[in-house]
Amino acid sequence: MKAAFIFPGTGSQYIGMGKKIYYDYSIARHTFEETSDFAQISIRDLCFEDKNNLLSDIRYSHLAVLTCGVATYRALVQEGIQPSVMAGLSLGSYCAIVAADVLSFWDTLEIVSYRSNLMKKYAIGKTVAVIGCPIEKINYIKEKAQKETGKILDIAVQNSKLQFLLAGDNSSIDKAIELLSKEEECKTFIPGVDNIAVHSRLMEMVSLLLDKKLLSKRMKNAKIPIILNSSAKETVLSDDISKELVKQCISTVFWYQTIENMINKGINIFVESGPGEILKRLNRYIKPGITYSTNNGKEDINMISKIMI
């Protein structure tokens, strides 16, 4: 069996995230402690209780999702489960670069914290998820909404052939929702993404400042190949990965193409390393039955180990 580890991003957070992996593995508890030392708050309390409603703020939720993804990866490797390739959805890319030893966990916490603060400051806008629309219809709606409002609207993520995330200015998103409501096959919903226009041209300043920040870090070539979000292509080169982290701010995330490319390379099992089952649900629309979550900690990891034999 050839396995790919895939890491979820923004939107996968929930109260209770990471609890099973935390109690089942000391290496996971150590990972939580590392983040707590960095952030000067208890990441354990944030993930398990969130009494102050901080998981709705990307400055905290991004650190929590990163921590759960890396903690789960370390537990998987401790149990002898090794990936042939990895990919992360948006924020999940940062889990992949830690797992591939491109950057240290501490340096990655610093980069992710810096990035989320930039997003809060500069990338003000909205997103809308669209289900049931083919790409031709999405492009038509996008262009029409932009023309009528004069504001930015971009395809932020392509999750499957019929599932997309649009991001842009508030008025262009509202116009897109209005236009989509007239299309019988198209359904829309507003994800809880903190009023940030992710993966759009409204992230231009984020990408410019992030580029400068990454230049201060010494990145290594990946020990395990990583599939890039903005091209769905595989690389191990640190220069490619650094450019990708900058480019993905303003580019579409091609998740559908990423999974298809891995399947074409012989991957026959996907392990979702991180909180929730959002990637398992997305992958159902691409190829069902080959993605396994790790929500139940050691129980799930033991099952994956048996499948891998």
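Some notes on this structure:
- Leu55 being in contact with a strand residue (DSSP E or B) (Cβ under 8 Å, 6 or more places away or on another chain), in contact (Cβ under 8 Å) with a residue 12 or more places away in the chain, closer than 25 Å to Leu118 by Cα and in the same structural domain as Ile227 (by TED's automatic domain parsing): no
- The residues of the range 120-142 that are farther than 18 Å from Ile155 by Cβ and hydrophobic (A, V, I, L, M, F, W, C) amount to a single one, Ile124.
- Restricting the range 151-197 to residues that are over 19 Å from Gln257 (Cα atoms) and β-branched (Val, Ile, Thr) leaves a set whose member that is modelled with the lowest pLDDT is Val193.
- Flag if Ser104 is within 16 Å of the chain's Cα centre (by Cα), within 28 Å of Asp240 (Cα to Cα) and assigned by TED's automatic domain parsing to the domain that holds Pro275: no
- Against the numbered list (1) farther than 24 Å from Val102 by Cα; (2) buried (at least 18 other Cβ atoms within 10 Å of the Cβ), Asp45 comes up short only at (2).
Results for (1) in contact with a strand residue (DSSP E or B) (Cβ under 9 Å, 6 or more places away or on another chain); (2) on the phi < 0 side of the Ramachandran plot; (3) of a type in the set (D, E, K, R), shown as yes or no for each residue.
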site: Gln13; (1), (2), (3): no, yes, no
site: Gly18; (1), (2), (3): no, no, no
site: Tyr25; (1), (2), (3): no, yes, no
site: Glu33; (1), (2), (3): no, yes, yes
site: Ala39; (1), (2), (3): no, yes, no
site: Ile43; (1), (2), (3): no, yes, no
site: Leu46; (1), (2), (3): no, yes, no
site: Glu49; (1), (2), (3): no, yes, yes
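Okay, residues lined up against (1) over 21 Å from Gln158 (Cα atoms); (2) touching a Lys or Arg at 6+ places or on another chain (Cβ under 8 Å):
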{"position": "Glu178", "(1), (2)": "no, no"}
{"position": "Cys186", "(1), (2)": "no, yes"}
{"position": "Ser200", "(1), (2)": "no, no"}
{"position": "Ser207", "(1), (2)": "no, yes"}
{"position": "Leu210", "(1), (2)": "yes, yes"}
{"position": "Ser216", "(1), (2)": "yes, no"}
{"position": "Ser230", "(1), (2)": "no, yes"}
{"position": "Leu245", "(1), (2)": "no, no"}
{"position": "Gln248", "(1), (2)": "no, no"}
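- Subset of the range 210-245 (residues that are among the hydroxyl-bearing types (Ser, Thr, Tyr) and in a helix (DSSP H, G or I)): Ser238, Ser242
- Residues of the range 108-126 include none that is under 22 Å from Glu260 (Cβ atoms), among the acidic types (Asp, Glu) and either modelled with pLDDT of 95 or more or not assigned by TED's automatic domain parsing to the domain that holds Leu55 (or both).
- Number of residues in the range 291-309 that are among the hydrophobic types (A, V, I, L, M, F, W, C) and crowded, with 18+ Cβ neighbours inside 10 Å equals 2.
- Sole exception among (1) at positive phi; (2) surrounded by fewer than 18 Cβ atoms within 10 Å (Cβ to Cβ) for Val236, by number: (1)
Residue by residue, here is whether (1) more than 30 Å from Gly125 (Cβ to Cβ); (2) among the basic types (Lys, Arg); (3) modelled with pLDDT of 95 or more; (4) surrounded by fewer than 21 Cβ atoms within 10 Å (Cβ to Cβ) holds:
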position: Met219; (1), (2), (3), (4): no, no, yes, yes
position: Lys223; (1), (2), (3), (4): yes, yes, yes, yes
position: Ser242; (1), (2), (3), (4): no, no, yes, yes
position: Trp255; (1), (2), (3), (4): no, no, yes, no
position: Tyr285; (1), (2), (3), (4): no, no, no, yes
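- Candidate set: the range 15-29, residues that are over 12 Å from Asp50 (Cβ atoms) and β-branched (Val, Ile, Thr); chosen: the one nearest to the chain's Cα centre (by Cα): Ile21
- Every test in (1) farther than 30 Å from Ala123 by Cα; (2) under 18 Å from the mean Cα position of the chain (by Cα); (3) among the polar types (S, T, N, Q); (4) in a helix (DSSP H, G or I) is passed by Ser207 save one, and that test is (1).
- Any pair with Cβ under 7 angstrom, 6 or more apart, that starts in the range 206-224 at a residue that is more than 28 Å from Ala3 (Cα to Cα) and in the same structural domain as Tyr114 (by TED's automatic domain parsing) and ends at one that is surrounded by 15 or more Cβ atoms within 10 Å (Cβ to Cβ) and among the small types (Gly, Ala, Ser): Val206/Ala123; Leu214/Ser242
- All conditions but one from (1) more than 20 Å from Ser305 (Cβ to Cβ); (2) surrounded by fewer than 19 Cβ atoms within 10 Å (Cβ to Cβ); (3) free of Cβ contacts under 8 Å to residues at least 60 places away in the same chain apply to Phe38; the one that does not is (3).
The values are calculated or read from the model by the stated rules, or taken from the named source; none is laboratory data. Everything numeric in this text was worked out from a predicted model, so none of it was measured. Here the Cβ is made from the backbone with ideal geometry for all residues, glycine too, and neighbour counts use every protein chain on show.
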